[in-house]
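Participant: Have a look at the structure that comes next, please.
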């Protein structure tokens, strides 16, 4: 009977909908737990940045008894944030730009062009990801001393570029390799040179990976400590992590101010992430060859 | 690898900037530090050549092997923790979901926070007397499950691993998201027409398409976990005993505390070769799956 | 696409910016000495005075004072946090790039610098402090008969801080005089639901510096370490030392410490004491200032670790080390060397010591304490003035210190026996010979 069938379909649709809603609710529940687990430390840090040491020792997990906004001023002064912040910004940004630019260029050739030494050079870059950096502190120091680059921003930027190239090349190469082979063919037939293809076709398509490596590089450079400690002596050139370390003495620590300093320190990273976020989720965009 | 170019010079130009900086400021220091590994040197007095003396000592050094074992825990936790969890959430988040952007951003936050904060707050949560975890267990009547998470040698390494996994899931999340965005819509449309949907779609279509990226993630995991240092250094300093000491920390200790540069450099060399071996093996295993 | 074109020019612009900034930085550095047509002498100086403690404030002020009194000498300071100081010092030492004046730690930390010829002796000006500084305290900075630095403070590393009220409630109006009595006190405090002794041994040095340095001394006597290291007449495997390590094991097994003692650090264990969760704390004199500041109303008493039955050591001895010494780079000569020596003379003055005492720091000088110094500090000065025992990490080579630090942590957890630790230590000593 048609009504029976119709009725069954309705019921089926309803159960399907209920199932779908249940699934959706479950997904949102999972995601919410995930969100809380991830963001709680930041909230904790910001809350605690307003506490006094005693308050922090007594109640590390609750709201501040007194909101000590002066912790931020203390942080600004103790960590010399005005100078160090700018230095970190300069060094990190410049290093990131060069790393990504050089890295993308090299990745393009390693991923899209066949040539004899390709595989070996690629492996050569990968080796760089396997070295614990503390082993290179002394040699790097001696090297920079020899080159007269101690106490300069250039002397810090160069190792940053060098040590971030492996992971940059690694990620970009993998990403570029996944493009279909016919992408370049029409361009070549139009007479485009290799570099033109790189710039106008491949690079835009690599946007998500580029965004990824830019963020990664920035975080690495922004938080980098050991090289900065060893290669920079000049107060006016020091970077942020060095300033932030000032809060923990051998026998005393000003936790509140330390948290204030750390809160200030993560703001640029979050900003950079926000800016690049949209590129992360854009897929292959116009400019590619349509299937 | 697609194009064959007649002239070689574009390749040279493309690779040169990256190679030059990389060789000069990463490879050279690394090679110098490997040179130190054949010496007995305390950094202050003269170097003494002892050939493979350091390596023989490493062979019988119980602490080194303990640190190696600990590193393997981290590698396992990373590969079997970070990758699947990141994959799971990436699959949830890359479709159009209300608030997707928010969850993505929040998921990335742990990567941005400094290790000082992470170790402080997780240290407090793990605290056996007042920590969050034990309090929750007691509140739900599961008293016997409470542990001295960081102070008990049996549990310390596991606890630390959980924190490490938590910190970097966000990173792999955005890498997987970038890769998922790359899959052309046409493929999914074709699959829908063929009748495959939902879960089946995921297993048979999505996963194979991003298999290369999964390999990338695993390799990043391995290289990262074998060099892990910051978090453990601040959280437990390698204790209790040497229960959470990892190779990079042992190297750091030997180099800067016991001032045995030669021995420390020898350990770095071991880390390097071990990483190489592990990556080679995993590459073999994983690539067999790509048809 | 247009966005990318812009990025293309950006590197060039930034490179120019970078050079300008580095150039500016360098100019700043040379500005100091090129402005020296008025014969200004510039000395670089590294220290660890980064965190805002009263002691650091006093030291920083002293440098300012010196510069005001000697306008032709400019001290360019670099303040590096203590935890990173070692790394920086050792890296730059390897490159022979040390500053003119360096803050140094005594004994085992100073020796490599001397062996490497990186610092020079100051024997010619030591007499400047005759009558001000007790000669006993100069020994820590004396290697092979030559003096390399002057101490600014004396740091007993092992004082028992206790809450007088909490102990009275447990029936102890006076601090126990023997170890056996001490154990009874621990049991009584535990019965009252308090943590008997707060301990934060995450960094591993607390059990060594604050506990074994004095407990060991109680049992072995103060000539033990030199005998082990130099003459070999005594060994770590001697019964008395093993007994000392056994005390730590005993205290840990009877639950004298807070449960998380190996996962919190020394700053956090101090909080346990100041908040009243723990009745006692065995810590160094460095905690005196912070404790008084955090809990001004607490009825605090200070005592030495009690006498142990059968011990060879003097029960009034306390492990102590001197600190805040400044050494001179061995490459300094001529005008700069004169200026450096002048700085040392102008820095370690009676005024400075008085300021330190106001910051609750013990000084190696024989001077009257200023009136506004807390009575507790005077008490501490009194009980620590009898006999000094060596601190293990200032006397032992760093490798052996590492073994004992990690080892004591394991003993306290029960994963290593005192005998095993003793054997490990003796093995390392024998290897060094």
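Participant: If you find the alpha carbon centre of segment C:344-369 and of segment B:32-90, how far apart are they in angstrom?
Facilitator: 46
Participant: Right, next: Restricting the calculation to Cα positions, tell me the Rg (one decimal) and the Dmax (whole number) of segment B:59-290 in Å.
Facilitator: Answer for segment B:59-290, Rg first and Dmax second: 20.5, 67 Å.
Participant: Hey, got the Cα dimensions of segment A:2-48 along the principal axes, in Å, largest first?
Facilitator: 67, 11, 6
Participant: Within 10 Å of each Cβ in B:227-234, how many Cβ atoms from other chains are there, averaged over the peptide? Numbers along the way, then the final one.
Facilitator: On the way: counts 6, 1, 4, 3, 0, 0, 1, 2.
Taking the mean over all residues of the peptide, I get 2.
Participant: Put a dot 7 Å past each Cα toward the Cβ at residue A:22 and residue C:40; how far apart are the dots in nm?
Facilitator: Each label point is offset 7 Å from its Cα along the Cβ direction, giving 7.9 nm.
Participant: In the Gaussian network model of chain B, springs joining C-alpha atoms below 10 Å, which of B:240, B:110, B:17 carries the largest mean-square fluctuation?
Facilitator: B:17
Participant: Under 19 Å from a point placed 7 Å out from the Cα of residue B:287 along the Cα-to-Cβ direction: which residues of segment A:156-173 have their backbone N that close?
Facilitator: A:167, A:169-173
Participant: Let me confirm one metric for peptide A:112-122, namely the mean number of other chain beta-carbon atoms within 10 Å of its residues' beta-carbons. Display every interim value, and only then the final one.
Facilitator: On the way: counts 3, 9, 5, 8, 2, 2, 3, 1, 0, 4, 0.
Mean partner shielding for this stretch: 3.
Participant: Where both partners of a DSSP beta bridge lie in the protein assembly as shown, what percent of those bridges are antiparallel, to the nearest 5?
Facilitator: Of those bridges, close to 55 percent are antiparallel.
Participant: Where does segment A:24-163 land on Rg/Rh, using Cα atoms and the Kirkwood Rh? Provide the component values of the computation, followed by the final result.
Facilitator: Numbers: Rg = 23.0 Å, Rh = 20.2 Å.
Rounded to two decimals, Rg over Rh is 1.14.
Participant: Let me ask something else. Pick from A:144, A:189, A:259: which is most flexible by mean-square fluctuation in a GNM of chain A where alpha carbon atoms under 10 Å apart are linked?
Facilitator: Of the options given, A:189 has the highest mean-square fluctuation.
Participant: Which whole-angstrom value gives the distance between the alpha carbon centres of segment B:211-278 and segment C:280-294?
Facilitator: First find each Cα centre; the distance between them is then 36 Å.
Participant: Which residue fluctuates the most in chain B, going by a Gaussian network model with Cα springs under 10 Å, if the choices are B:152, B:42, B:189?
Facilitator: Comparing B:152, B:42, B:189 in a Gaussian network model of chain B, the most mobile one is B:189.
Participant: So what is the 222 nm mean residue ellipticity for chain C from helices alone, if each DSSP H run of at least 4 adds -39500 (n - 2.57) and you divide by all residues, rounding to the nearest 500 deg cm²/dmol?
Facilitator: -14000 deg cm²/dmol
Participant: Taking Cα centroids, how far is segment B:145-190 from segment A:1-66 in Å?
Facilitator: 19
Participant: Still on this model: Assuming R0 = 22 Å, can you tell me the calculated FRET efficiency for the pair residue A:65 and residue C:275, based on Cβ-Cβ distance, to the nearest 0.05?
Facilitator: Between residue A:65 and residue C:275 the formula returns 0.95.
Participant: Relative to the longest principal axis of the C-alpha atoms of chain C, give the angle of the C-alpha long axis of helix C:82-94, reported between 0 and 90° and rounded to the nearest 10°.
Facilitator: The answer is roughly 50 degrees.
Participant: Follow-up question, since we're still on this one. So how do A:11, C:228, C:391, B:111 line up by other beta-carbon neighbours within 10 Å, fewest first? Please list the in-between numbers first.
Facilitator: Working: A:11 10, C:228 23, C:391 30, B:111 20.
Ascending number of Cβ neighbours within 10 Å: A:11, B:111, C:228, C:391.
Participant: Put a dot 7 Å past each Cα toward the Cβ at residue C:382 and residue C:146; how far apart are the dots in nm?
Facilitator: Those two pseudo-labels are separated by 4.3 nm.
Participant: Take every residue in peptide B:254-264, count the Cβ atoms of other chains within 10 Å of its Cβ, and give the average of those counts. Write down the numbers at each step before the final one.
Facilitator: Working: counts 2, 7, 11, 8, 7, 8, 2, 6, 0, 0, 4.
If you average over the peptide's residues, the count of other-chain Cβ atoms is 5.
Participant: Return the distance in nm (one decimal) between the two label points of a simple spin-label model at residue A:278 and residue A:181, each offset 7 Å from Cα along Cα→Cβ.
Facilitator: 3.7
Participant: Please find the FRET efficiency linking residue C:123 to residue C:233, where r is the Cβ-Cβ separation and R0 is fixed at 30 Å, and quote it to the nearest 0.05.
Facilitator: 0.50
Participant: For segment C:248-378, divide the Cα radius of gyration by the Kirkwood radius and give the resulting Rg/Rh value with two decimals.
Facilitator: Details: Rg = 19.8 Å, Rh = 18.4 Å.
Reported Rg/Rh (Cα atoms, Kirkwood Rh): 1.07.
Participant: In angstroms, what radius of gyration and Dmax does segment A:80-246 have, counting Cα atoms only?
Facilitator: 18.2, 60
Participant: With no solvent and one equal point scatterer placed on each C-alpha of the protein assembly as shown, evaluate the Debye formula and give log10 I(q)/I(0) for q = 0.06 Å⁻¹, two decimals.
Facilitator: Evaluating at q = 0.06 Å⁻¹ gives log10 I(q)/I(0) of -0.49.
Participant: Hey, fewest Cβ within 10 Å first, where do C:242, B:23 land in order?
Facilitator: Ordered from fewest to most neighbouring Cβ atoms within 10 Å, C:242, B:23 come out as B:23, C:242.
Participant: Okay, moving on. What base-10 log of the normalised intensity I(q)/I(0) is obtained for segment A:152-231 from the Debye formula, alpha carbons as equal point scatterers, at q = 0.20 Å⁻¹?
Facilitator: Each listed q maps to, in turn, -0.90.
Participant: How would chain A be classified by its alpha-carbon gyration tensor: rounded, prolate or oblate, with rounded meaning a/c under 1.5 and the a/b versus b/c comparison settling the rest?
Facilitator: Oblate is the answer for chain A, as a/c is 1.5 or above yet b/c matches or exceeds a/b.
Participant: Give the order of B:146, C:401, B:105, C:178 when sorted by the count of other beta carbons within 10 angstrom, beginning with the fewest.
Facilitator: Values: B:146 16, C:401 22, B:105 19, C:178 13.
Going from sparsest to densest Cβ surroundings: C:178, B:146, B:105, C:401.
Participant: Oh, and also: What FRET efficiency would be calculated for the residue pair residue A:11, residue B:190, taking the C-beta separation as r and a Förster radius of 45 Å, to the nearest 0.05?
Facilitator: 0.90
Read the figures in this text as sums done on the coordinates, not as results from a lab. Keep in mind the model is a prediction, meaning the values are calculated, not measured. A quick note on method: Cβ atoms are made from the backbone with ideal geometry, for glycine too, and the neighbour counts reach across all protein chains shown.
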